[in-house]
Each structure stands twice: as C-alpha cells, then as structure tokens.
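Colleague: The structure follows.
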Amino acid sequence: MKKLENKTVFITGGLSGIGKAAAIEAAKEGANIVIADRERGDNIKAMDEIKVIQPKALFIQCNVSIPEEVKNSVDETVKTFGSLDVALNNAGIGGKAERISDIEDRDWLSVINIDLNGVFYCMRQELIQMLKQKSGVIVNISSISGKIGYAKSAHYTAAKHGILGLTKTAALEYATDGIRVNVICPGFIETPLLTKLDLNNNPERKKAIVDKHPINRLGTSEEIAKGFIFLACDDSSYVTGTALDIDGGYLAQ
Ligand SMILES: NC(=O)c1ccc[n+]([C@@H]2O[C@H](COP(=O)([O-])OP(=O)(O)OC[C@H]3O[C@@H](n4cnc5c(N)ncnc54)[C@H](O)[C@@H]3O)[C@@H](O)[C@H]2O)c1
C-alpha cells in the first residue's frame, strides 16, 4: 500500500532541490502532485520527471510572496484535484551574506518576504481549505538556522526562526480540526541553492562546512524528502508541532 495514494500534495518551490525530491518521493507514494514555483523556463523539465512517475501532476506559476498568487494556486489545486491534503511550504532563498550593520532594507525585505511572509501566506490559504475538509497536513521547511544563530545571515536566520513559531502556533490552533503542522530543519544539503556558495571551487570552505556535520558529509535532497513523507502520511498521525532535524547531527553539538 502506497503511503499517499489519492492524496493531493501541494509543494512550493518544487522545481528544484529539496522540493523536487519531495515531489518525486510523493509521486512514488501515489500522490497527485501540484508544484507552485516562481520559475519557468528550463526548470519546467522537472515536471516531465515527475509526470513519468505520476501523470496527475500540475504546474502553477506562483510567487509565494504575493498573497493573490498563493490564493489562486490553492484554488486551482482544489479545482483540479478536489482537495488539498498535504502542503510542503518549501520555497526559499538564501540572501546576501552580510553582517546586520551592512544589510540594506531591500535585501532584508527580499528574504523576509519570501522565506517568512511567503510561508505565512501559504499556510493561511492552505488552512482555510483544510478547515473546510476537516483534514490536512502541513510541513514547513526551516533550517538549522531556525534554531541557532548564523553569522552574516540575519534575514535568513530570522525568517527560519519565525517558521518554527508559525508551525508551533498553527499546530496548537488546528490540533482538534484534523490538521497536523510540523517543520523540518535541514542541515547543509547539496542543492542548487548551495551551488551559489561555489563550494566545489572552495575546498577549504566546503571542508569547514562539512566539518560542522558530525556525520562528516553534506545531506541530500532525498534524505529530506524521506522525512517529509513520514510527516505527510499517517505514520506520523500523533505528531504535530514538532521540528524534525535532518542535519547529520549538526544541532546535537
Ligand atoms: N540547501 C540547503 O542547504 C538548505 C538547508 C536548510 C534549509 N533549506 C531550505 O530548503 C528550501 C529549499 O531549498 P533548496 O536548497 O532546495 O533550494 P533551491 O534553490 O534548489 O530550490 C528553491 C526553489 O524555490 C523556488 N522559489 C524561490 N523563490 C520563490 C518564490 N518567491 N515563490 C515561489 N518559488 C520560489 C525556486 O524557483 C526553486 O525552484 C528553502 O526554504 C531553503 O531555505 C535549504
């Protein structure tokens, strides 16, 4: 028996990295897939990969920092598949590496608008639908930076801490409505987001980052996707308000 058979899974930022791996795992588990991503172009080939596994897959162009686009995406999901059973609020960006005294308003806001406000806009719209159904699961993607400070990353760190607060609050507010809300805190994962750090051309920098993970390597998107499937399906039916660290031991130190 597949774990998400006939469920509709909505994934933001699902054309790349962690979101794409989560979409592929959910498709393997029998779910209808909706990808909401602001990109198009070449990235759309991710949809072809998903459709090979699950033909019932829909792409919606959506910028999560624009509430109207988020509302339209959730509406289109329900119109197409009849329900919204699982949401993975994953879309996010890294932001410029600077100390707080150097961060300009526009750089602060660009990260907060996507990484924190975007998660709020998505959760609000998903919860409106899930309340009608009296069922649903929300999984948010935070980071190790949701639990500890990270120098030169105040916007990202503040946003990721905020996601933990949103998750715990929503878990309390909707626990008796058949809706569970949890969050995953990944360590450093090899994705295009990390490629921007150009670690393969900076072996010393890469080693410094790897050394912070007791397992002594970076994580893979598939390892985060496996955690997502656990939180999305009934295997975690008594789990809500929890932060699942998938970080090679980073936060245990
Ligand atoms: N890679 C890591 O090391 C790592 C670690 C911890 C947490 N995370 C988090 O995991 C999530 C996914 O990151 P990733 O590494 O897979 O990155 P990625 O860059 O590979 O993928 C991010 C996806 O989000 C989309 N996106 C960006 N802004 C968007 C917006 N405004 N609206 C809709 N879609 C948007 C992009 O188009 C892309 O498809 C992010 O929230 C990130 O903060 C990543």
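Colleague: Output the number of the condition that Met130 fails; it satisfies all remaining conditions of (1) surrounded by fewer than 24 Cβ atoms within 10 Å (Cβ to Cβ); (2) under 16 Å from Thr8 (Cβ atoms).
Modeller: It fails just one condition, (1).
Colleague: Within 15 Å of the chain's Cα centre (by Cα) and within 20 Å of Asp85 (Cβ to Cβ), is that true of Val239?
Modeller: Against the criterion (within 15 Å of the chain's Cα centre (by Cα) and within 20 Å of Asp85 (Cβ to Cβ)), Val239 does not qualify.
Colleague: Another question, then. Does Asn89 qualify as being under 29 Å from Lys152 (Cα atoms) and crowded, with 16+ Cβ neighbours inside 10 Å?
Modeller: For Asn89, the condition - under 29 Å from Lys152 (Cα atoms) and crowded, with 16+ Cβ neighbours inside 10 Å - is met.
Colleague: Would you be able to say whether some residue in the range 73-86 is within 14 Å of the ligand (Cβ to nearest atom) and either crowded, with 16+ Cβ neighbours inside 10 Å or among the charged types (D, E, K, R) (or both)?
Modeller: Checked against the condition, which is being within 14 Å of the ligand (Cβ to nearest atom) and either crowded, with 16+ Cβ neighbours inside 10 Å or among the charged types (D, E, K, R) (or both), the range 73-86 yields at least one hit.
Colleague: Moving on to the next point. If we scan the range 168-188, do we find a residue that is closer than 23 Å to Gly17 by Cα, out of contact with any Cys (no Cβ under 8 Å at 6 or more places or on another chain) and part of a loop (DSSP other than H, G, I, E, B)?
Modeller: yes
Colleague: Restricting the search to the range 142-180, which residues are among the β-branched types (Val, Ile, Thr), within 16 Å of the ligand (Cβ to nearest atom), in contact with a Ser or Thr (Cβ under 9 Å, 6 or more places away or on another chain) and in contact (Cβ under 8 Å) with a residue 24 or more places away in the chain?
Modeller: Of everything in the range 142-180, those that are among the β-branched types (Val, Ile, Thr), within 16 Å of the ligand (Cβ to nearest atom), in contact with a Ser or Thr (Cβ under 9 Å, 6 or more places away or on another chain) and in contact (Cβ under 8 Å) with a residue 24 or more places away in the chain turn out to be Ile148, Ile163, Thr167.
Colleague: I'd like the residue in the range 181-191 that is more than 7 Å from the ligand (Cβ to nearest atom) and among the β-branched types (Val, Ile, Thr) and, out of all such residues, is farthest from the chain's Cα centre (by Cα).
Modeller: Checked the range 181-191; the qualifying residue farthest from the chain's Cα centre (by Cα) is Val181.
Colleague: Condition check: surrounded by fewer than 16 Cβ atoms within 10 Å (Cβ to Cβ) and either away from the ligand (no atom under 15 Å from the Cβ) or at pLDDT 95 or above (or both). Does Ser110 satisfy that?
Modeller: no
Colleague: Right, here's the next one. Residue by residue through the range 1-42, note down the ones that are surrounded by fewer than 24 Cβ atoms within 10 Å (Cβ to Cβ), within 11 Å of the ligand (Cβ to nearest atom), part of a loop (DSSP other than H, G, I, E, B) and of a type outside the set (Lys, Arg).
Modeller: Ser16, Glu39
The values are calculated or read from the model by the stated rules, or taken from the named source; none is laboratory data. Note that the structure is predicted; figures quoted are calculated from it, not measured. Positions of Cβ are backbone-derived with ideal geometry, glycine not excepted, and every protein chain shown enters the neighbour counts.
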